[in-house]
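Visitor: Mind looking over this structure? Questions follow.
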Amino acid sequence: MKMTDNTVLITGGTSGIGRALAEAFHDRGNRVIVTGRRQDLLADVADRRPGITGICLDLNAPHSLARVAEYVINRFPNLNVLIANAGISRTEDITADDWNLAEAEAIVETNILGVLRTVAAFLPIIKQQPAATIMATGSALAFLPRAEFPAYCASKAFLHSWLISLRHQLRNLPIDVLELAPPYVQTELTGASQAADPRAMPLASYISQVMVMLEQGRHPRGELLLEQDQARRWAERDGTYDRIFAAMNPA
Ligand SMILES: NC(=O)c1ccc[n+]([C@@H]2O[C@H](COP(=O)([O-])OP(=O)(O)OC[C@H]3O[C@@H](n4cnc5c(N)ncnc54)[C@H](OP(=O)(O)O)[C@@H]3O)[C@@H](O)[C@H]2O)c1
């Protein structure tokens, strides 16, 4: 994709990967719109970066999305890059007596329906552009799950498959469909401790690698996956699935 002079909308742009991507695109001379629910953070992004527009959007409220989409389409008719990045992650202990579907339902609602609703809301305007990109944030865990996060990993596996079909269906239009599949990164996705976890990749380092991959068009099959995650991506093909699963999920 071209890296400058785009109009980019990023869901989940109030923190973490979405916010860092917003700043990186803004640095490269793009108009950037970020969305999220936390008003204070939306104001903070816009204050620190005049030129980034913050818009309140709860993806679990379809009316909110319809209203925001109408506003964005009117105010930013050149919108040509859509990054469906918002997501949540929770552990679930299915063996617990009080286990129920509440966490799984929330994950399906945000990580799956949230992405589908975002694409549905903005596809009409994206289709009008001479060159466009739709990117959604999946996870390296789409390819091999960490069993403490059953619905989360499955939601990202869903996105992986759905994006393949979307890419195929849009193949005759000038729309790139990309899957951003991050490793474990220092954000507050699972809580404050993740942002300081030395086992997680520093956010700035991850985002700078992503921007280089985008600049160089280094995303085979539309997948933006770091070298370190290729073994998981191809574990089934390589006959290493059980071994890597066991290493990731000690008995
Ligand atoms: N960090 C990692 O290790 C990692 C690894 C693989 C994949 N990912 C994926 O990366 C994406 C971003 O996560 P992150 O790590 O940057 O964590 P994060 O800082 O918690 O960001 C999540 C973003 O999603 C937004 N969001 C959540 N629920 C929403 C809803 N109902 N409506 C609108 N926005 C909502 C949040 O904004 P508000 O709270 O303001 O609404 C926030 O901006 C997620 O899809 C995550 O699954 C992260």
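The values are calculated or read from the model by the stated rules, or taken from the named source; none is laboratory data. Every value quoted in this text rests on a predicted model; they were computed, and no experiment measured them. Quick reminder, even Gly has a Cβ in these numbers, built from the backbone with ideal geometry, and neighbours come from all protein chains shown. Ligands, DNA and RNA are excluded from the accessible area calculation, which covers all protein heavy atoms including side chains. Shrake-Rupley method; radii C 1.70, N 1.55, O 1.52, S 1.80 Å.
Visitor: Run down R75, R90, R38 and say which single residue is within 8 Å of the ligand (Cβ to nearest atom) and open to solvent by 20 Å² or more (accessible area, probe 1.4 Å).
Guide: Answer to the check: R38.
Visitor: So which residues in the range 138-154 are open to solvent by less than 10 Å² (accessible area, probe 1.4 Å) and in contact (Cβ under 8 Å) with a residue 60 or more places away in the chain?
Guide: Of everything in the range 138-154, those that are open to solvent by less than 10 Å² (accessible area, probe 1.4 Å) and in contact (Cβ under 8 Å) with a residue 60 or more places away in the chain turn out to be A140, L144.
Visitor: Can you confirm whether R19 is of a type outside the set (G, A, S), more than 13 Å from the ligand (Cβ to nearest atom) and in a helix (DSSP H, G or I)?
Guide: So R19 fails the test.
Visitor: If you scan the range 22-35, which residues turn out to be open to solvent by 20 Å² or more (accessible area, probe 1.4 Å) and either within 8 Å of the ligand (Cβ to nearest atom) or within 15 Å of V81 (Cα to Cα) (or both)?
Guide: Listed by number, the residues that qualify are E23, H26, R28, G29, R31.
Visitor: Only one residue in T133, T53 is touching a helix residue (DSSP H, G or I) at 6+ places or on another chain (Cβ under 9 Å), closer than 24 Å to L41 by Cβ and among the polar types (S, T, N, Q). Which one?
Guide: Within the list T133, T53, the selection yields T53.
Visitor: I've got another one for you. Looking at the range 181-197, can you tell me whether even one residue there is within 18 Å of the chain's Cα centre (by Cα) and more than 10 Å from the ligand (Cβ to nearest atom)?
Guide: Checked the range 181-197: no residue is within 18 Å of the chain's Cα centre (by Cα) and more than 10 Å from the ligand (Cβ to nearest atom).
Visitor: Considering (1) away from the ligand (no atom under 16 Å from the Cβ); (2) in contact with a Ser or Thr (Cβ under 9 Å, 6 or more places away or on another chain), say which one L101 fails and leave the rest.
Guide: Condition (2) is where L101 drops out.
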